[in-house]
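Please read the structure below before turning to the comments.
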Amino acid sequence: MSLELGEGRDGDSGALADAFYPLYKLLFDTEGDFVSDVEGKLTEARMNQAVELYLSRALAVGVLIGGMLWLTGSLLGWAVFQFGLITPETLSLGIPAGSAEMAATLQAATVPAVILMSGLVFGSVGFGMGFGTIVAIPYSKASTRKREINMLLSDSVSYMYALSVGGLNQLEILESMADADDTYGEVAKEFQSIVNETEYFGTDYRNAVRKQSLETPSDELSQYLTDMLSIINSGGDMEQFLYDKKEKHMRTAKQEQETTLETLELFGEMYMTLSLFPLLLIIILVVMSMMGSGREMLIYGTVYALIPLTGVGFLVMISTVKQDEPGDGYLSPGQGNERLAASQDEGLFHLGLIEAFTGRFSVFNRIKSREGNYKTRQLLSAPQLFFRDNPLFTLVLTLPTALAVMGVLFFDGSMPTTWDGMIANPIWGTFVWFYIPSYMTLVPLAFFYEWNGLTRRSITGKLSENLRKLSSANDTGQTLLESIETVADTSTGKLADEFEVMYAKVNYGMSLREAMVEFNNKYHIPRLARTIKLIAEAQEASSQITDVLSTAAQSSENQDDIERERKSRTRMQVAIILMTYLTLLAVMAILKVQFLDTMAQMGGSGGGGSGGGGVSFGASVDVDLLSLLFLHAVTLQAVLSGFISGYIRDAQIISGVKFVVILQTLALAVWVVVV
């Protein structure tokens, strides 16, 4: 296979690939399974690179990193002898005393051997890290694309069925699907490859479909394309085929959701054990301290290292299973609509359409200035609405405010600035160093995030019901616009209000598609975007789209069922995590009140002595220090349990902020009582 190594490369990475290409030819069989597998993953990941070039670059990175770590390992091996940390005599192999000459020879070879071995070990690890990381990139990207394709495939098939019902032929369905990358993401990119093959390379679209079925990372999509190809070749009923596939993939989506929830249930049971392990370890270490054989550093390590690492590790483990909803929810307005295209970028520092004209004439500069003043007044008149739509922007105000408050307390001398001061006053010290900034930043963030979620749910909550109403109204002979007016008049809620606004915009000259896109982009919910995209495409062909609206309603109802099941099952997982934390908090409080204080008093009064040379049980325990460490332990556990609960619930870390606030408040309240 001929290869231009200079093609597709840039800068030093291409030079490295050129330099290590002979090593690639020496180590790998170009027809071997490994090279073939990597080439397939590069294709699935849509990484437009030749496999020879890619593996040559991976070898270069591996050799460079391995070389650096080899040098580091050799220097470490030399340093342990040079600075006397280890002597050659300590590395004895049990040579008999009579073999003095052999012993002397082996001792002389000890230092070079250790340096050589440490260099080889470090170098091998470095090469494995460098080469393995580069090779793993296409596997990771292909896996990510596969996950997104499988998640969106059910809605994508519903979209293609709606297009078929609308009267589009096979080629038009493929082209329309390829243009829907704003909604269907990676699925649309797979169809873009099919369309590009037919338009730019002159490939017959049947062969293009066959080729893409072999190159896609998703087995589900591969099977779908293979079945579609058989229908195309046999001249079968495409509409009936798409209907059957729509029903099948809706069932498949529910089954995959069931599998994910079962895995999360297993993780919930695992968390119960993992989160209690630090508690058991702390109890053991405290008992050892009372007996005079414990080490404070182990308790410090358990509280400030083991607890956070356990929580973060569990979050990472959940992220491998928990699936967030792909897409940002925005719809592309299409060509010829500069106003809607500019409004997508409109925000705090972008004024929309006027930005494209600024600088041409002075009048545009004045318009931009007036627009900026208007938006500023609008923001200042209702800042709560801005923070509702952008909850993370609350941190812009709350973080500096929290730092300012802490600065005032610091310079005022009201907060402890030494570890001894923290031990002497554990509750106040922890409160000013952690709880004050935590409350000031997390409480507003939680409030506006939940308000944002409530607003978005007010749209999706009645989406299925209103789509059914639209379908029924359209079935009576009303146009889609008339159906929207009917639903707006006969329904209540936020979505009905938006339908009324949409109807008014069309009456004032806006096209129905533009009004629908503008409505969608106002809330930018991925699920809503897929529904609006389906209806917007179908209504351009005909106003009588009863079957399309029914399909949209069915797809939305399927999403409702999945969401309802997810909330029901994850509610149990969140309950397990919260109850586990409350158990841990109660045990720590009892350990502090009924065990630590009591044993310390016994040790202080001599009651714990065992007479003669016995150990004074509990005499060496620093109760104030342990009380501080216990408080920090339950506080850290509260933060981690809260974020884990939110991530399991909604697949978003920020969703756990409300749980964090509640749990850390419980921890503080309990410790105020027990101390």
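Where a ≥ b ≥ c are the square roots of the eigenvalues of the C-alpha gyration tensor, would you call region 247-304 rounded, which needs a/c under 1.5, or, failing that, prolate if a/b is larger than b/c, or oblate?
prolate
Label points 7 Å out from Cα along the Cβ direction at Thr479 and Arg206: separation in nm?
4.2
Could you tell me whether region 548-594 comes out rounded, prolate or oblate from its Cα gyration tensor? Rule is a ≥ b ≥ c as square roots of the eigenvalues, rounded for a/c under 1.5, then prolate if a/b exceeds b/c, otherwise oblate.
Cα axes put region 548-594 in the prolate bin.
Show me, for region 662-675, the HN-Hα J-couplings you get by feeding each phi into the Karplus relation (A = 6.51, B = -1.76, C = 1.60, θ = phi - 60°), rounded to Hz, glycine and proline as x.
Each residue of region 662-675 in turn: 5, 5, 6, 5, 4, 4, 5, 5, 5, 6, 4, 6, 7, 7 Hz.
If you wrap a convex hull around the alpha carbons of region 184-329, what volume per residue comes out, as a whole number of Å³?
In region 184-329, the Cα convex hull volume per residue is 160 Å³.
With the crude spin-label approximation of a point 7 Å out along Cα→Cβ, what separation in nm comes out for Phe410 versus Leu309?
Each label point lies 7 Å from its Cα, and together they span 2.9 nm.
So, R0 is 25 Å and r is the distance between the beta-carbons of Thr401 and Leu380; what FRET efficiency does that work out to, to 0.05?
0.90
Less than 10 Å Cβ to Cβ from Ser193, Lys/Arg counted +1 and Asp/Glu -1: what total charge do the surrounding residues give?
0
Once fully extended, how much extra length lies between Ser511 and Asp389, figured as 0.36 nm per residue of separation less the alpha-carbon to alpha-carbon distance?
41.3 nm
Setting aside same-chain residues fewer than 8 positions from Lys41, which aspartates and glutamates have a Cα under 19 Å from its Cα?
Correct list for Lys41: Asp29, Glu31, Asp33, Glu52, Glu148, Glu186, Glu190, Glu215, Asp219, Glu220.
Determine ³J(HN,Hα), in whole Hz, for all residues of region 225-242 in sequence, where each value follows from phi through the Karplus function 6.51 cos²θ - 1.76 cosθ + 1.60 and θ = phi - 60°; x replaces Gly and Pro.
Whole-Hz 3J(HN,Hα) from phi for region 225-242: 5, 5, 5, 4, 4, 5, 5, 5, 5, 8, x, x, 7, 5, 4, 5, 4, 5.
Along the Cα→Cβ direction, 7 angstrom out, place labels at Ser458 and Met317. What is the inter-label distance in nm?
4.0
Shape of region 503-554 from its Cα gyration tensor (a ≥ b ≥ c, root eigenvalues): rounded if a/c is under 1.5, otherwise prolate when a/b > b/c, or oblate?
Note, shape of region 503-554 comes out oblate.
Relative contact order (percent) for region 150-252, with alpha-carbon contacts under 8 angstrom and 6 or more residues of separation?
For region 150-252, the relative contact order is 31 percent.
Quick one: what are the phi-derived ³J(HN,Hα) couplings along region 135-146, Karplus 6.51/-1.76/1.60 with θ = phi - 60°, whole Hz, x for glycine and proline?
5, 6, 4, x, 5, 5, 5, 5, 5, 5, 5, 4
Taking R0 as 30 Å, what FRET efficiency do you get between Asn169 and Lys248 from their Cβ-Cβ distance, rounded to the nearest 0.05?
0.85
Which FRET efficiency value, to the nearest 0.05, do you get for Asp227 and Tyr330 by plugging their Cβ-Cβ distance into 1/(1 + (r/R0)^6) with R0 = 25 Å?
After rounding, the FRET efficiency stands at 0.20.
Using 0.36 nm per residue, how much length does the chain from Glu557 to Thr492 gain when fully extended, once their Cα-Cα distance is taken away?
21.5 nm
We did not get these values from a lab; they are worked out from the coordinates using the rules stated. Small disclaimer: the values here were computed from a predicted structure and weren't measured. Backbone-built Cβ (ideal geometry, glycine too); neighbour counts: all protein chains shown.
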